[in-house]
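Below: one structure, written as structure tokens.
The values are calculated or read from the model by the stated rules, or taken from the named source; none is laboratory data. Everything quoted here is computed from the prediction, not taken from an experiment. Ideal geometry is used to build each Cβ from the backbone, glycine not excepted, and the neighbour counts take in all protein chains shown. Just so you know, the surface numbers come from the protein's heavy atoms only, side chains and all, with ligands and any DNA or RNA stripped out. Shrake-Rupley method; radii C 1.70, N 1.55, O 1.52, S 1.80 Å.
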Amino acid sequence: MSVRAEPLRRFDPAKLTQPRSIGILGILLGALAFWLALPPLAARTVFLPVLVGILAVACGIWAVAREERRGGWGAIAAGILGIVLGILATRSGEANLDSVVVWSALIAAMLRWATPLTFAAIGGMFSERSGVVNIGLEGMMLMGTFFGIWGADKSGHWYVGLLAAMVAGGALALVHAFFAIHLRADQIVGGTAVNFLALGITGYLFVDIYGSKGTPNLSNAQQIPDVTISNGSSFFATAFGQLNLMIWLSFLLLVASSIVMFRTPIGLRIRSVGEHPRAADTVGISVYGTRYAAVTLSGVLAALGGAYLSIGFVHSFNQNMTAGRGFIALAALIFGKWRPFGAFGAALLFGFSTALAYRLPAYSGSAATLFQALPYVLTLIAVAGVIGRTVPPAADGKPYKKQ
């Protein structure tokens, strides 16, 4: 029996001139226009940023004229933004630029800020892939922040704090799952209620247990340790040489969640109940059981992200200290099209904007408060740009009634 070989796919140069490719090129040129004015290049003339920005706008106009509106308008916006930011950078003093744009420090800070978003976003992926919208990620993260530091404080060990956070996040997720799956309540309303419940529980317990003194200073045994790979002042040592253990675990979680979701029977079951629960039920898959497990896992992972904030990063707890990061994680999940690495890329984008916002006050102290809004503004722009263009799981947000 002969086997017919498939023909090799040949490179088609015409694809490089497709409107979508030109739009992407324009976006990259817009980013390049700004980057040329930053260290280490630090062009001091406005000619280069303006020239490259104009090329980006031209690519966008060309793409829009050929019905590629998304990439085309993105290139136009990137070109204009690159010109404006490039001009501002060239007008800035070199000392200010050197103090703000330190790439190794920005990369390290980006990873620190992106880690809690990564845990929460991947947790949300499991829930939404099973068909349950999880607006309650914010509350589950908040439970993790308080119970993580409480467990570490009472036991004297950070890993007990992580376990306490996981139990608390999973318990709150079970509440959301019960209302969404068995009572078939509106999942958006239920998730919002879960957020308020977490805010009330953590706020009450914080005041009742710690009072006005606040949480105590954590010892080294109570803090999630850093993993030291390299010491020194080199680029690699500053960026990656001393990162928290949870950051490295988030990398492992990315790989593991991708394999589980898209390469194992468990992932196939989760996706089947999120796409067509009736068909999954017909072949013997427990829709309720799968959704309960997925939502509970989402709470556990989101709580780990919250615990990292309190006992791995800040080393203290304040009321509502997650400050909307659960919603940013949900935006990262949508932006990443409900996939682990896509969500991680979006989390890195938001993490970088947060890291940059904390360094920009050196550029202008009077605008420090305005800079803190940068991650949230970026979230609004990102979600507004992808809403209606991404396709969620078919049964996401739709209660299932077993017949």
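Assorted remarks:
- Cα-based reach from LYS337 at 20 Å (exclusive), listing lysines while leaving out same-chain residues under 8 positions away: LYS398
- Ratio Rg/Rh, restricted to segment 81-194 and using Cα atoms, in which Rh is the Kirkwood radius: 1.19
- Amide H contacts under 5 Å for ASN244: VAL227, restricted to partners 5 or more places along the chain or on a different chain, H placed in the peptide plane at 1.01 Å from N.
- Measuring nothing but protein heavy atoms, the accessible surface of segment 222-273 at 1.4 Å probe radius is 66 percent carbon and sulfur.
- Trypsin sites (Lys or Arg not before Pro) within segment 131-216: DSSP coil, no more than 15 neighbouring Cβ in 10 Å: ARG184
- 3J(HN,Hα) from dihedral phi, segment 166-181, Karplus parametrisation 6.51/-1.76/1.60, rounded to Hz, x for glycine, proline: 4, 5, 5, x, x, 5, 5, 5, 4, 4, 4, 5, 4, 5, 7, 9
- Tail fraction, Cα-Cα pairs, segment 229-360, threshold 17 Å, whole percent: 70
- Calculated P(r) tail over 15 Å for segment 202-279, as whole % of Cα pairs: 75
- Most tightly packed first, judged by the mean number of other beta-carbon atoms within 10 Å of their residues, the peptides 65-71, 190-196 read 190-196, 65-71.
- Gap separating the Cα centres of segment 141-198 and segment 75-140, nearest whole Å: 26
- For the chain, a crude dipole built from +1 on the beta carbon of Lys and Arg and -1 on the beta carbon of Asp and Glu, taken about the Cα centre, is about 1040 debye to the nearest 20.
- Accessible area of segment 27-176 belonging to carbon and sulfur atoms, whole % at 1.4 Å probe: 75
- Straight-line reach from LYS154: taking Cα to Cα under 23 Å and skipping same-chain neighbours fewer than 8 places apart, the lysines in range are LYS213.
- Most mobile of ALA168, ALA108, ALA43 in a GNM of the chain (Cα contacts under 10 Å): ALA43
- Taking every protein chain into account, the accessible area of the chain amounts to 49 square angstrom per residue (probe 1.4 Å).
- Surface/4 of the Cα convex hull for segment 145-253, nm²: 9.5
- With a cut-off of 14 Å between beta carbons, the residues surrounding GLY351 carry a summed charge of +3, where Lys and Arg count +1 and Asp and Glu -1.
- For the chain, the percent of C-alpha pairs falling in each 20 Å distance bin, counted from 0 to the bin holding the largest distance, reads 24, 51, 24, 1, 0.
- Positive-end residue, the chain charge dipole about Cα centroid, Cβ charges, pick of LEU370, ALA355, PHE126: PHE126
- Looking at segment 77-169, none of the GluC sites (Glu not before Pro) sits in a DSSP loop with at most 13 other Cβ atoms within 10 Å of its own Cβ.
- Size-normalised alpha-carbon gyration radius of segment 29-88, reference 2.2 N^0.38 Å: 1.11
- The charge dipole of segment 50-129, taken about its Cα centre with unit charges on the Cβ of Lys, Arg, Asp and Glu (plus for the first two, minus for the last two), comes to roughly 180 debye.
- Over the chain: helical MRE at 222 nm, DSSP H runs n ≥ 4 each giving -39500 (n - 2.57), nearest 500: -22000 deg cm²/dmol
- With contacts taken as Cα pairs under 8 Å at a separation of at least 6 residues, segment 195-299 carries a relative contact order of 12 percent.
- Note that segment 226-270, at 10 °C in a medium of 1.306 mPa s, gets a Stokes-Einstein diffusion coefficient of 130 µm²/s from its Kirkwood radius over C-alpha pairs.
- Of VAL283, VAL167, VAL133, the one that fluctuates the most in a GNM where the chain has Cα springs shorter than 10 Å: VAL283
- In the chain, Cα pairs under 8 Å separated by at least six residues give a relative contact order of 23 percent.
- For segment 23-160, relative contact order (Cα pairs under 8 Å, six or more residues apart, normalised by length) works out to 23 percent.
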